[in-house]
Amino acid sequence: MTGLDTTFLVHVEIQESDGHGAALEVLRREILGRDREAALAPQVLSEFIHVVTDRRRFERPLPMAQALAKASFWWNAREVERIVPEGEAVSQFVAWMREHGLGRKRLLDTLLAATYYRSGVTRIVTSNARDYRVFGVFELIEI
């Protein structure tokens, strides 16, 4: 199963993003038409909405209603397995923060990685592979 990072969703949905074409190719090649092939955690959706509505990041950010509709679409897509952080994921998160000496700027990515790892996700599609490489447990699909 392939975990979706926020950067992947942003690149798929925002045409002006640099990785738009590459993200669409990964979407077609790796995810579309495959039931429950993609894993998605709710924290990705909240970060996605935060990013795509930000006028400082994009010339044409999405209005909140459109961002929410896109987040809902992804959450309900037949290709998506909904993954939520459970007790083992939280314990893994704390262990990785300590083991790798990570600081406050790594909290969200580490919790996402732990959530995916403890849910059986083996690959993550992202444009920030360095955020996940430190854990040494994922195949990274870079866009």
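Bear in mind that the values in this text are calculations on the coordinates, not laboratory data. Predicted model only: the values in this text are computed from it and were never measured. No Cβ is skipped: glycine too gets one built from the backbone with ideal geometry, and neighbour counts run over all protein chains shown.
Of the listed peptides 93-105, 65-77, what is their order by residue-averaged count of other C-beta atoms within 10 Å, with the highest listed first? Display every interim value, and only then the final one.
On the way: 93-105: 12.4, 65-77: 14.1.
Per-residue mean Cβ counts within 10 Å order the peptides as 65-77, 93-105.
Taking the Cα centre as origin and putting +1 on Lys and Arg beta-carbons and -1 on Asp and Glu beta-carbons, what dipole magnitude results for the range 2-142, to the nearest 20 debye?
I would put it at about 260 debye.
Would you mind counting up the charge near M1? Only other residues with Cβ under 15 Å from its Cβ, with Lys and Arg at +1 and Asp and Glu at -1.
-1
Evaluate the Kirkwood expression for the hydrodynamic radius of the range 1-62, namely the inverse of the mean inverse distance over all pairs of different C-alpha atoms, and round to one decimal in Å.
Details: mean 1/r = 0.0823 Å⁻¹.
About 12.2 Å, per the Kirkwood formula over Cα pairs.
Calculate, axis by axis, the spread of Cα positions in the chain along the three principal axes, and write the results as whole Å, longest axis first.
Projected onto the principal axes, the Cα atoms of the chain cover 40, 34, 24 Å.
For a quick check: with amide H placed at 1.01 Å from N, whose amide H comes under 5 Å from I141's, ignoring anything fewer than 5 positions away on the same chain?
It is I124, V125, T126, by chain and number.
Loop-only check: which GluC sites (Glu not before Pro) in the range 1-56 are DSSP coil with at most 10 other Cβ within 10 angstrom?
Loop-located and lightly packed - E16.
Can you tell me the relative contact order of the range 2-142? Whole percent, Cα pairs under 8 Å, sequence separation 6 or more.
28
Which of T126, T110 comes first, and how do the rest follow, when ranked by fewest Cβ neighbours within 10 Å? Please report the intermediate quantities before stating the final value.
Working: T126 24, T110 21.
Sorted ascending by nearby Cβ count, the order is T110, T126.
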